[in-house]
């Protein structure tokens, strides 16, 4: 058993080294739920880098705009869809087809980000729920952040 020399009452005495070992640091997250909330926080900060570029009113129309753009490209647009893409394209000095292409590119980009984040979230959440040791939570989250790094780099986002 390892020993160390310490001063006691003015005398140097040899004692068990384990008695002077520092206290282990407590786990970063006491429960899987705390770790899950931390994960939601950093995922939200990642996606906010995309979402915060647009007002909520604009975001609320994304599905409508995407459907209209895809219909314009497919030649199946209703009069209302054609008018929407034409009006919005005109506001950006684009033809309806150019605007439809831009909408579709943005929708595909955001969907790719959201799909990858969703998969990472589900896998990480499952790992957190399966963990039995609170010290595992931090390791699991660190691994998830490492997995998110290529995604962040691909879309010029920061973790």
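The numbers here are math on the coordinates, done by the rules we state, and not lab data. The shown structure was predicted, so the numbers you read here are calculated from the model rather than taken from an experiment. All Cβ positions, glycine included, derive from the backbone under ideal geometry; neighbour counts span all protein chains shown.
Results, tabulated for the structure shown:
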item: Cα principal axis extents for the chain, largest first, Å; result: 94, 30, 24
item: Crossing angle, helix 96-130 versus the chain [Cα axis fit, 0-90 degrees, rounded to tens]; result: 30
item: Cα-based helix-to-principal-axis angle, 79-91 vs the chain, degrees rounded to 10; result: 70
item: Estimated 222 nm signal from helices in the chain, with DSSP H stretches of n ≥ 4 weighted -39500 (n - 2.57), rounded to 500; result: -22500 deg cm²/dmol
item: Packing rank of 77-89, 50-62, where each peptide gets the mean count of other beta carbons within 10 Å, highest leading; result: 77-89, 50-62
item: Spin-label model distance (nm) - residue 78 vs residue 123, 7 Å beyond Cα toward Cβ; result: 4.0
item: With Cα atoms, 0 to 90° folded angle of helix 62-74 axis to the chain main axis; result: 50
